[in-house]
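A quick write-up on the structure given underneath.
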Amino acid sequence: MLKNKNIILGVCGSIAAYKSAILVRLLIKAGANVKVILTPDGANFITPLTLATLSKNPVYTQYFEEETGVWSNHVELGLWADLIIIAPISANTLAKLATGICDNLLTAVYLSAKCPVYVAPAMDLDMWKHETTQANIKKIESFGNTIIEPGSGELASGLYGAGRMAEPEEIISFLHHSIKQSMPLFGKKALVTAGPTYEAIDPVRFIGNHSSGKMGFALADELVTLGAEVTLISGPTAQKEHQTLKRINVISAQEMLDECISIFPETDITIMCAAVADYRPKVIADQKIKKQEDNLVLELEKTVDILATLGKTKNEQQILVGFALETNDEENYAKGKLQKKNLDLVVLNSLNDKGAGFKSDTNKITIFNKALERTVFETKRKAEVAKDICIAILKISK
Ligand code: CTP
C-alpha cells in the first residue's frame, strides 16, 4: 500500500521523536520514498544525520541551509508528497496547523500540500486534555486531516495517562487501513477471467488459442490497486500477477464455467477477459490417437458461453463486463454481444487495429456502455488499457 508513495515525515519537538527513526525504517521497508522535515525544536531531540541515513534522503530543517546555501522549496516539497505524516506532532505545531501559522518549513509545506495529512500527537497528559488542544484537534480534523490517537501509559514527565505517541508499527498499520478504506473499490469483490482455455483431444493434445493472458492479468492487478478483493480465474498462461489476489488455475472452458458459477453470486464486478474456446471435441480419447488414415475428422461440440450464462443470473447491483474480439463489422458485433449477453460494458478489440489483440504488450480498445455510447481509446500498453477500463467501470459503479 505504501510502495513507491512519496511521504514527507514531519518531526516536531517531543521526546517521542526517537520513535521517528523506527517509523522511517518501517516506511522505507514498506517501499516508500521518505523525506524528513525536522522543526527547529525537533532537531533538539533527534539528529538530522540519523534520519537522513535511515531515509536515504537529505533531512530538511529550514528554508535556507546557511552552510550549504541550499534553499528548500516548500511548494515543491508539498506537491511532491503523496502523504504527509507528522509524528510526533507537538501541541505547538498542532496549534499552528489549526490557525495557519507558517513560521517554519514544516508548517509551510503543510499549507502548500494537497495530499492527505496524518498527525500523531505526543505530549503530556494535561496538555493533551487541555480544551485548547482538543479544540485544535477538532479544527484540524474538520480540515480533512486524520488524527492517529495517542496511547496511554507512563509519560516522559513520570505521570500516567494519555499522550504517548502511537507506536511506529501502529502508525504503519493505521496508514495501511486508512489508505485501503479510501480506495475507490474498497469493499468490492471482483472476478476476472484471463488467458486461453485448452480443450483436450486425447491425453497429449488439445485445441487452444494464442491468448497470452496479459490483458486479464493487467485488469486483475489494476482492480487490486483500486482496492477491490480480486479473484482471478486463469487458463494456462505464463503470466504472473503482481498484486495480492486469489488466483484459481483452470484448463478447460468447463472448469472455468464451474469456477465462475460458484464465485459470481458474491461478486460486485466481473470482467470476462478470457479467450474461451467456443468448441471442444465431443469425445476425448482415453489413449493417444495413433496416426493411421490420411485424414482425421474430429467432431466438436459447443462449450457453454460463460459470459452469457452469468448475464442471465446477474442482479441489478452487479457489473458485468465482456470483451469482443472481432475481425469485421466490429462495432455491430460488439454491440450485439453487449445486448445479447446482458452486459454493462463491452470492450471491443479489432484484430484490424495495429497493436491490438493476442500476445502483444499493447491494445487498442473501444468501450460501449449500456446506452451504446462509444468511447474510442488510443493504442496503449495493456496496464494503461486496464486503467481506462477500470475508469469506465468506476463511472457506472453502483
Ligand atoms: N466468452 C465466454 N464463454 C465462451 C465464449 C466467450 O465467456 N464460451 C466470453 C469471452 O470471455 C468474452 C466474450 O464472451 O468476454 C466474447 O467472446 P468472443 O470470442 O469475442 O465472442 P463469442 O461470444 O464467442 O462469439 P464469436 O466467437 O462468434 O465472435
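The values are calculated or read from the model by the stated rules, or taken from the named source; none is laboratory data. Small disclaimer: the values here were computed from a predicted structure and weren't measured. Quick reminder, even Gly has a Cβ in these numbers, built from the backbone with ideal geometry, and neighbours come from all protein chains shown. Side chains are part of the model used for accessible areas, which takes the heavy atoms of the whole protein and leaves out ligands, DNA and RNA. Shrake-Rupley method; radii C 1.70, N 1.55, O 1.52, S 1.80 Å.
A few points about this structure:
- Subset of segment 268-299 [charged (D, E, K, R) and either open to solvent by less than 80 Å² (accessible area, probe 1.4 Å) or over 29 Å from Leu320 (Cα atoms) (or both)]: Asp268, Arg280, Lys282, Asp286, Lys288, Lys290, Lys291, Glu293, Asp294, Glu299
- One residue alone among Ser262, Ser252 is in contact (Cβ under 8 Å) with a residue 40 or more places away in the chain and within 28 Å of Leu338 (Cβ to Cβ), and that residue is Ser252.
- Selection within segment 328-349: residues that are among the polar types (S, T, N, Q) and within 11 Å of the ligand (Cβ to nearest atom). The member of this set that is most open to solvent (accessible area, probe 1.4 Å) is Asn328.
- Residue in segment 258-267 that is touching a Leu at 6+ places or on another chain (Cβ under 9 Å), under 26 Å from Asn4 (Cβ atoms) and crowded, with 20+ Cβ neighbours inside 10 Å present: no
- Search result, residues across segment 318-332 that are under 21 Å from Leu219 (Cβ atoms) and part of a helix (DSSP H, G or I): Glu330
- Annotation note: of Pro58, Pro116, the sole residue that is open to solvent by 40 Å² or more (accessible area, probe 1.4 Å) and within 21 Å of Glu149 (Cα to Cα) is Pro116.
- Enumeration of residues in segment 154-192 that are in contact with a strand residue (DSSP E or B) (Cβ under 9 Å, 6 or more places away or on another chain) and acidic (Asp, Glu): Glu154, Glu167, Glu170
- Residue match in segment 226-242 (condition: assigned to a loop (DSSP other than H, G, I, E, B), in contact with a helix residue (DSSP H, G or I) (Cβ under 7 Å, 6 or more places away or on another chain), open to solvent by 50 Å² or more (accessible area, probe 1.4 Å) and farther than 16 Å from Ser212 by Cβ): no
- Helices (runs of 4 or more DSSP H) within segment 1-108 that include 1 or more residues closer than 28 Å to Leu125 by Cα and not aromatic (Phe, Trp, Tyr): 18-29, 42-45, 48-55, 91-99
- In segment 300-317, residue surrounded by the most Cβ atoms within 10 Å (Cβ to Cβ) [restricted to those that are within 9 Å of the ligand (Cβ to nearest atom) and under 22 Å from His210 (Cα atoms)]: Ile306
- Number of residues in segment 81-113 that are under 26 Å from Glu170 (Cβ atoms) and touching a residue at least 12 places away in the same chain (Cβ under 8 Å): the value is 22.
- Here the condition is being closer than 16 Å to Val276 by Cα, touching a residue at least 40 places away in the same chain (Cβ under 8 Å), surrounded by 13 or more Cβ atoms within 10 Å (Cβ to Cβ) and within 13 Å of the ligand (Cβ to nearest atom); of Leu320, Leu325, it holds for Leu325 alone.
- Condition met for Gly357 (small (Gly, Ala, Ser), modelled with pLDDT under 95 and more than 24 Å from the chain's Cα centre (by Cα)): yes
- For segment 209-220, the criterion of being open to solvent by 30 Å² or more (accessible area, probe 1.4 Å), over 17 Å from Ile319 (Cβ atoms), among the aliphatic types (A, V, I, L, M) and away from the ligand (no atom under 14 Å from the Cβ) is satisfied by no residue at all.
Okay, residues lined up against (1) touching a Pro at 6+ places or on another chain (Cβ under 9 Å); (2) open to solvent by 60 Å² or more (accessible area, probe 1.4 Å); (3) in a helix (DSSP H, G or I):
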| position | (1), (2), (3) |
| --- | --- |
| Asp353 | no, no, no |
| Ala356 | no, no, no |
| Ser360 | no, no, no |
| Glu378 | no, yes, no |
| Glu384 | no, yes, yes |
| Ile389 | no, no, yes |
| Lys395 | no, yes, yes |
| Lys398 | no, yes, no |
